[in-house]
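Each value in this text was obtained by applying a stated rule to the coordinates, not by laboratory testing. In this text the structure is predicted, and so the values were computed from the model without any measurement. Using ideal geometry, Cβ is built from the backbone for each residue, glycine included, and neighbour counts are taken over all protein chains shown.
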């Protein structure tokens, strides 16, 4: 302040750090060492796996070729590490000769090789774990959990059970779609007279989102016939059980999906309602023609998410005695004392949920792309 | 001339925010009344009270001597007679332009699809959008969207049209195409209330300009008089700030 120059730019410029070169060599050496360790671990776990194999002939040849391929692929990790070290040394040499700009370019190459090491190491370690896991204890995990011979022998029985899961899923889904929309719309009824209905809807959602689906299933499917609730009691025991299970799952998932609907309905800007009402459309007409069609388009991804959850939760009905795939697998497991039946059931679920998940992701991505494009 | 739309001591508040404070105004049939005033003075609120989008707390609004505010008013009927166009267009994005226009005539007035579409196409041809009938709103420019919104309001055959700052959200070069339609409607004798910041347009097309300030009509008169020789100090202050902004 006392007589110093008051030029703002010169003051700001005085504290800039000097341009310098930071050597990537230490990290590169670390990457190379890590690469060697990962490759060694992978090779060792493949050796353990190989020793647990009890196959001969072509089977053994195929296995050996595959194992060799994995071990050779594992060498990619130390390879990248060595490239990182070589580039780091080249960058250091360039820096010492005063070619700072070139040195920084080569140093960046070195770091890029380092990132490859990191990515490949994680993949390699995962593979090493899997080979070790499936090869340990002379391959016990494979024979007890993943012996497809067991579920393969009862494929018709298990498929029949899974058909019940699929039926439960599809019937419940259709009912939930309508029921949840009704709950969401009731929750948005305007005016003082609508208050009791709104409270009912809120209470329903709060209660059934708060109770585990398993308990609802117990209470409805076991409890209702036991308490002689005159509901569906004219049906055969098996069909009554099925429809009570549908009821229980609808109660639980209706609460979730109602909230999804509500978030969708509330996301439609009030100006849309104002425009519709200004044209003389009534409240129900505004919902029917303007708000709900727009809301439904927006909530398709979260809706599918809930349906993936529902598809998986159809497994819970095994607890209350429905002969679904999980129940049948449990019975077979008890007979043969082998859990491969459960793995078979898991595969059946995956066959439906993975495509559904991918489809949901696709819809979310498409939606995001459309938002970026500025559409609505 | 007998008043067609009458505001009689209208009070409107949003909670503690007292927006309209005993506003009186008469609009004759075929009048084009421009509401001007500082932002937040209640221009838009006043328009939204006319078609019952906002309830008023005291006073009365009448159209053709019939009370249209307060209890016992069939708002859906009222809105068939009072069209409104919004600043942000508010077209329905999930419908084509044609369906936007025909939705209400079909569902509220009970017109058949053929009749409604025929009338809609006539309107669209008039405003130069016939080739956009099958497009979705987001494929249209702002000016085209606003013209479509005007057509949507006109399709109900309203007796009064409320225009709520309909050019404020438009790029400058798109304003003219929208104002041309309003000018045409004025020439055909449509009764209109406009909230607007387009002073030049207000001067040209209005039969009456009202300055609204502190929830009341501070001054009203024919545009040549109000813009050239404002009597109220509030009007003078407002016009000064408009000139300072380069808008007049």
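Tabulated values for the structure
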| read-out | value |
| --- | --- |
| Residue B:77 versus residue A:271: modelled label distance in nm, points set 7 Å from Cα along the beta carbon direction | 3.2 |
| Whether segment A:49-208 is rounded, prolate or oblate, judged on the alpha carbon gyration tensor where a/c under 1.5 counts as rounded | oblate |
| Gyration tensor over alpha-carbon atoms, segment B:3-244, equivalent ellipsoid semi-axes in Å | 30, 22, 15 |
| Additional length obtainable on full extension of the chain from residue B:242 to residue B:60, 0.36 nm per residue less Cα span | 62.3 nm |
| Cα gyration tensor, segment B:1-96 - rounded (a/c under 1.5), prolate or oblate | rounded |
| Inter-site label distance for residue A:263 and residue A:141 at 7 Å from Cα along Cβ, in nm | 3.6 |
| Choice from A:103, A:39, A:245 with maximal GNM fluctuation in chain A (Cα, 10 Å cutoff) | A:103 |
| Share, in percent, of DSSP beta bridges within the protein assembly as shown that are antiparallel, nearest 5 | 55 |
| Segment residue A:155-residue A:368, extension gain: residue separation times 0.36 nm, minus the distance between their alpha carbons | 72.5 nm |
| Two-site FRET efficiency, residue A:133 against residue A:352, from Cβ-Cβ distance with R₀ of 41 Å, rounded to 0.05 | 0.95 |
| Choice from B:83, B:157, B:200 showing the highest fluctuation, given a GNM over chain B with Cα pairs closer than 10 Å | B:200 |
| C-alpha center-to-center spacing [segment B:40-118, segment A:125-203] in angstrom | 47 |
| Percent of beta bridges antiparallel (DSSP, chain B, rounded to nearest 5) | 55 |
| C-alpha center-to-center spacing [segment A:221-253, segment B:214-244] in angstrom | 74 |
| Relative contact order (%) - criterion: Cα under 8 Å, at least six apart; region: chain B | 25 |
| Sites residue A:96 and residue B:138, calculated FRET efficiency, Cβ-Cβ separation with R0 56 Å, nearest 0.05 | 0.40 |
| Distance-filtered residues of segment A:123-158 - backbone nitrogen under 20 Å, label point 7 angstrom along residue A:58 Cα→Cβ | A:148-149 |
| Sorted by Cβ neighbour density within 10 Å, fewest at the top, the residues B:118, A:50 | B:118, A:50 |
| Overall form of the protein assembly as shown per C-alpha gyration tensor (a/c, 1.5; a/b vs b/c) | oblate |
| Linear extension gain, residue A:73 paired with residue A:163, 0.36 nm per residue minus alpha-carbon span | 28.2 nm |
